[in-house]
Amino acid sequence: MARKKKAEPPENAERWLLTYSDLITLLMAFFIVMYASSTADKTKMAKVAESIKSAISNGGGKTIIGDDTAVDVKSTPDYVQEMQKEAKGSSSADQKVEESKLKAVKEKVDNYIKQNGLTGSISTNLQERGLTIHIVDTTMFDTAKANLLPGAQDRLIAIGKILKGINNIIRIEGHTDSRPMHDEKFESNIELSVMRAATVWHVLEEKGGVPHNQFVAAGYAENDPIVPDNSSDNMAKNRRVDIVVINSKYSSIDSNQVSNSK
């Protein structure tokens, strides 16, 4: 009697998964190496290579995605320092552009002052916070008044046309001397300084064409003198309206005040 042949064990149909898993791992490693090479960053390439080596050496056909042994390049100190350096460089370049813009505005105002013989009445000062245009009160207002003198409006309109087109925040600051005042219109120097700043604001906006949303107004009364308030000459210097074109890096503080005033 012929013996029955033993049935052959069924072929393992899932064996191809091992090859597929290895192939996917190698492809992933290849594309990551290509990406790292394109950045031309030796530090990043070294970290990625270390990650690939660690993942593959663990065996089992695992990919490096989600592997605990992989290194996050963006978390390395070298990467962080590089990004900070790039950000600082970009910020420095922006500030150079900003400084050039403010210098150009200063030159235009200075030329207007010189051409119109206003050297003793209007001056400019470029500092870290921005460009300040000082206008002494006698060229714009009568004593203890906030109404513009004849000719003062034309000067402000000319300055407004120079400032028109820049997108910086502009602070209008009113200042007085330390002599107390009180009359039927103004209770004190505070009200006078605020009203003078408001008067200048209206002319720059309505006649000079500077947009309303760029302005901030403040009245300092006698609290921010530029020289000691101890003589008539010094008092005359302290009585002024300052038009301050704020440097963009400080504009967030003043722009918040603009938003809150709406």
Check your understanding: Amide H neighbours of V216 under 5 Å, counting only residues 5+ apart in sequence or on other chains, H built in-plane at 1.01 Å?
Key -> I170, R171, I172
Review point. Quick one: what does P(r) look like for the stretch 93-174 with 10 Å bins over all Cα pairs, in whole %?
Key: 15, 50, 28, 6, 1
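Order these by the 10 Å Cβ neighbour count, fewest first: K106, K185. Please report the intermediate quantities before stating the final value.
Numbers: K106 18, K185 11.
By the 10 Å Cβ count, ascending: K185, K106.
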Check your understanding: Relative to the present Cα-Cα distance, how much length would full extension add between S92 and M34 at 0.36 nm per residue of separation?
Key -> 17.6 nm
Review point. If each of N234 and E187 carries a label point 7 Å out from its Cα toward its Cβ, how far apart are those two points in nm?
Key: 2.9 nm
Check your understanding: Quick one: which of K114/K185; K185/K249; K101/K145; K108/K185; K108/K145; K96/K161 span more than 32 angstrom between C-alpha atoms?
Key -> K114/K185; K185/K249; K101/K145; K108/K185
Review point. Once phi is turned into θ = phi - 60°, what whole-Hz ³J(HN,Hα) does the Karplus curve with 6.51, -1.76 and 1.60 give for every residue of the stretch 187-199, x standing for Gly and Pro?
Key: 5, 6, 5, 4, 4, 4, 5, 5, 5, 5, 4, 5, 4
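First check a/c for the stretch 189-233, with a ≥ b ≥ c the square roots of the eigenvalues of its C-alpha gyration tensor; if it is under 1.5, answer rounded, and if not, answer prolate when a/b is larger than b/c or oblate otherwise. Can you show the working numbers first?
Values: a/c = 2.80, a/b = 2.51, b/c = 1.12.
Cα axes put the stretch 189-233 in the prolate bin.
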Check your understanding: Spin-label point model (7 Å from Cα, Cβ direction): what's the E206 to D224 distance in nm?
Key -> 2.5 nm
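Averaged across orientations, what area in nm² does the convex hull of the alpha carbons in the stretch 96-260 project?
Values: hull surface 38.2 nm².
Seen from a random direction, the Cα hull of the stretch 96-260 projects 9.5 nm² on average.
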Review point. Counting other Cβ atoms within 10 Å, which GluC sites (Glu not before Pro) in the stretch 86-191 have at most 12 and lie in a DSSP loop?
Key: E128, E184, E187
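Read the figures in this text as sums done on the coordinates, not as results from a lab. All of these numbers come straight from a predicted model, not from anything done at the bench. Reconstructed Cβ throughout: ideal geometry from the backbone, glycine too, with neighbour counts over all protein chains shown.
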